[in-house]
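**Student:** Structure in structure tokens, see below.
The numbers here are math on the coordinates, done by the rules we state, and not lab data. Keep in mind it's a predicted model, so treat the numbers as computed, not measured. Ideal geometry is used to build each Cβ from the backbone, glycine not excepted, and the neighbour counts take in all protein chains shown.
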Amino acid sequence: MIMDVIGFGALNLDRIYQVNRLAGADEESYIKNVSEFCGGSAANTIIGLSRLGLKTGFLGKIAGDREGQLLTNNLEKEKVDTNGLIISQEGRSGAVHGFVDGDGERALYVDPGVNDQLQLPEIDYVYAANCNLLHLSSYVGESIKAQEAVLERIPEDIAVSMDPGMLYAHKGFKGLKKLLTATDILLLNQQELEVLIPGLDFEEQVERLFDYDVKILAIKNGSEGCFVSDGEEYHQIYAFEVPSQDTTGAGDAFNAGFLYGILQGYDIKDAGVLGNYVASCSIQEYGACTGLPYQDEIPHLKKP
């Protein structure tokens with residue numbers, strides 16, 4: 001069975017600490033509640049796509065610990081194929097410690113664990129090629145080399161999407177060249193764009209990305225909505241106005257809605273609206289995946 005989308009990135013157990021405020025250097029705040037959620041940027045997006053009815057799988061690495069079992073069980077519960085998971089008998093699974101204030105703003109600290117110990121001989125390249133779209137998200141360390149190796153080996157007719165996150169944005173064009181030149185759909189936020197391409201105005205930044213043969217571009221900007229383009233059409237799309245509880249995973253949720261729209265043949269504007277809608281559902285609940293909508297909820301979509 002060929003899957004619609006396979007995710008390839010870090011798997012993390014998110015520990016979300018609700019705090020009275022985000023503390024700065026030499027400041028103190030206090031924790032009001034602690035919750036655990038299964039996460040990882042690509043995994044969040046893949047779960048979103050699975051809920052929207054697509055056939056999905058995941059390629060990544062976990063340890064044989066409690067956290068790894070929780071991550072596996074969660075993917076299976078969400079009907080994501082887990083045959084691409086690599087299970088290490090040593091080390092610890094990845095974790096993210098997130099601190100969220102009453103306005104839904106957040107600060108994240110990543111403990112990569114075995115995510116950053118992905119070795120090329122461990123990868124099932126046949127599995128990675130068993131899809132129509134391969135979706136990438138970032139690693140903290142050297143596992144980016146495994147992603148580069150996979151992109152060199154999969155057939156050219158497999159589309160590639162990537163959300164670089166701030167970790168990959170800091171690598172710049174030189175560090176991301178192999179991934180960018182293989183990416184068809186690039187999804188990043190405004191802050192990541194400024195880090196990846198500093199010193200240029202917005203139009204020049206967009207032009208530079210299309211120079212790298214990116215086919216479709218989505219730039220997320222939180223409550224301001226998103227900008228989407230295919231190099232011919234350019235659209236600024238307003239966000240849905242909803243109460244925000246937790247912005248963790250909002251960008252991943254947008255990715256799910258946007259990629260679903262593209263794969264279902266929506267034009268880029270409607271795909272952008274759908275991305276905003278799925279993101280608006282996500283931020284109304286704590287945790288990256290709790291509020292992700294199911295396919296039967298999508299017909300209620302109304303353009304903002």
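**Student:** Of Lys77/Lys177; Lys174/Lys220; Lys32/Lys79, which sit over 30 Å apart, Cα to Cα?
**Tutor:** Lys77/Lys177; Lys32/Lys79
**Student:** I need the phi-derived Karplus couplings for segment 43-60: 6.51 cos²θ - 1.76 cosθ + 1.60, θ = phi - 60°, integer Hz, Gly and Pro marked x.
**Tutor:** Each residue's phi maps through the Karplus curve to give 5, 4, 5, 5, 5, x, 5, 5, 5, 7, x, 8, 7, 10, x, 9, 10, x Hz.
**Student:** Which shape class, rounded, prolate or oblate, goes with segment 3-300 when its Cα gyration tensor gives a ≥ b ≥ c as root eigenvalues, a/c under 1.5 marks rounded, and past that a/b bigger than b/c marks prolate?
**Tutor:** Because its axes are fairly even, with a/c under 1.5, segment 3-300 counts as rounded.
**Student:** Could you put Leu120, Leu186 in order, starting from the residue whose Cβ has the fewest other Cβ atoms within 10 Å?
**Tutor:** In increasing order of surrounding Cβ atoms, one gets Leu120, Leu186.
**Student:** Taking neighbour counts of Cβ atoms within 10 Å as a proxy for exposure, in what order, fewest first, do Val140, Val5 appear?
**Tutor:** So the residues, fewest neighbours to most, are Val140, Val5.
**Student:** For the pair Glu232 and Lys145, what calculated FRET efficiency results from E = 1/(1 + (r/R0)^6), where r is the Cβ-Cβ distance and R0 = 25 Å, to the nearest 0.05?
**Tutor:** It comes to 0.15.
**Student:** Rounded to the nearest 20 Debye, what is the dipole magnitude of the chain about its Cα centre when Lys and Arg each give +1 and Asp and Glu each give -1 at the C-beta?
**Tutor:** Charge dipole of the chain: 560 debye, to the nearest 20.
**Student:** To continue, here is another question. For segment 3-300, what is the percent of antiparallel DSSP beta bridges, rounded to the nearest 5?
**Tutor:** 40 percent
**Student:** In what sequence do Phe37, Phe227 fall when counting other Cβ within 10 Å, fewest first?
**Tutor:** Phe227, Phe37
**Student:** Hey, what number do you get for the chain at 222 nm if only DSSP H runs of n ≥ 4 count, each worth -39500 (n - 2.57), divided across all residues, to the nearest 500?
**Tutor:** For the chain, the value works out to -9500 deg cm²/dmol.
**Student:** Name the residue from Gly91, Gln191, Gln18 whose Cα lies farthest towards the positive end of the charge dipole of the chain, charges +1 on Cβ of Lys and Arg and -1 on Cβ of Asp and Glu.
**Tutor:** Value computed over the given set: Gly91.
**Student:** Hey, another quick one. Work out the length of the dipole vector of segment 207-304 about its Cα centre, built from +1 on the beta-carbon of each Lys and Arg and -1 on the beta-carbon of each Asp and Glu, and round it to the nearest 20 debye.
**Tutor:** About 120 debye.
**Student:** Taking θ as phi - 60°, what are the ³J(HN,Hα) couplings along segment 271-280 by the Karplus curve (6.51, -1.76, 1.60), each to the nearest whole Hz, with x for Gly and Pro?
**Tutor:** After applying 6.51 cos²θ - 1.76 cosθ + 1.60, I find 5, x, 4, 5, x, 4, 5, 5, 4, 5 Hz.
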